[in-house]
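Asks: Okay, handing you the structure first.
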Amino acid sequence: MAGKIRFSQEIYLQTRLFRRTQRTIPVLPSVNLLPQSLHQTKIKMIIYFFLFILSFIVRLIKLDQSLWLDEGASVMFSHLPIDQFWQSLRGDFHPPLYYLALRFINLYFGNNLIYFRLFSVLIGSLTVVVFASLLKLIFINTSLGRGKFRLPLYLAGGLLLSLNPLHVYYS
């Protein structure tokens, strides 16, 4: 027992001595999330733009198919007068922002189903870009492959999401 007390007293004295000599708090190294140069920023913006264009074009392929039940209900909500619009949304569990956006599209672009679907295509294509940029933040400097065939992980993830059949079909 005396050995344990003596050992704990030595640790106590060492930590007090350490606290007296150390005046600064150790800080974790910070990760620089900003790009190194303007050239790298332009390249990243071009990559994000091409991801957006690729996903937008892929989603435009089956844009003229018949309406689904939920799309018909959304179009119906967007055509209601404003007082009935808010009354009918009280019983709905979906957030009203999508219906408000469709109402805006109906007011400015008319009653064309292509414009209603283009909004969903636009949101689905922007999701690909947001997903790729989140991958870029999470997996910094991570690549797939070896040698000349290295592909940044954020680009691979963005390509996979832009060509994912379920994501394409439901957006």
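Asks: When all alpha-carbon pairs of the range 37-171 are counted, what percent fall beyond 20 Å? List each step's numbers first, then the result.
Replies: Numbers: 5097 of 9045 pairs.
Result for the distance tail: 56 percent.
Asks: Rounded to the nearest percent, how much of the accessible area of the range 52-171 (1.4 Å probe, protein heavy atoms only) is carbon and sulfur?
Replies: Details: 5640 of 8120 Å².
So the carbon and sulfur contribution to the accessible surface is 69 percent.
Asks: Right, here's the next one. Plugging the Kirkwood radius over Cα pairs into Stokes-Einstein for the range 93-169, at a temperature of 25 °C and a viscosity of 0.890 mPa s, what D comes out in µm²/s?
Replies: It comes out at roughly 167 µm²/s.
Asks: Now for a separate question. I'd like to know which of His94, Ile138, Tyr115 lies farthest towards the positive end of the charge dipole of the range 86-168, counting +1 on Cβ of Lys and Arg and -1 on Cβ of Asp and Glu.
Replies: Ile138
Asks: Can you give me the Cα centroid spacing of the range 94-136 and the range 59-79 in angstrom?
Replies: Rounded to whole Å, the Cα centres lie 12 Å apart.
Asks: OK, next. Taking every Cα atom in the range 79-125, find the radius of gyration and the maximum pairwise distance Dmax, and write them in Å.
Replies: 11.4, 33
Asks: Here is a further query. How large is the accessible surface of Lys62 in square angstrom, using a 1.4 angstrom probe and rounding to the nearest 10?
Replies: 140
Asks: How much net charge surrounds Gln84 when only other residues with a Cβ under 14 Å from its Cβ are counted (Lys, Arg +1; Asp, Glu -1)?
Replies: 0
The values are calculated or read from the model by the stated rules, or taken from the named source; none is laboratory data. Everything quoted here is computed from the prediction, not taken from an experiment. Every residue, glycine among them, receives a Cβ derived from its backbone with ideal geometry; neighbour counts consider all protein chains shown. Protein only, heavy atoms only, side chains kept; ligands, DNA and RNA dropped before computing areas. Shrake-Rupley method; radii C 1.70, N 1.55, O 1.52, S 1.80 Å.
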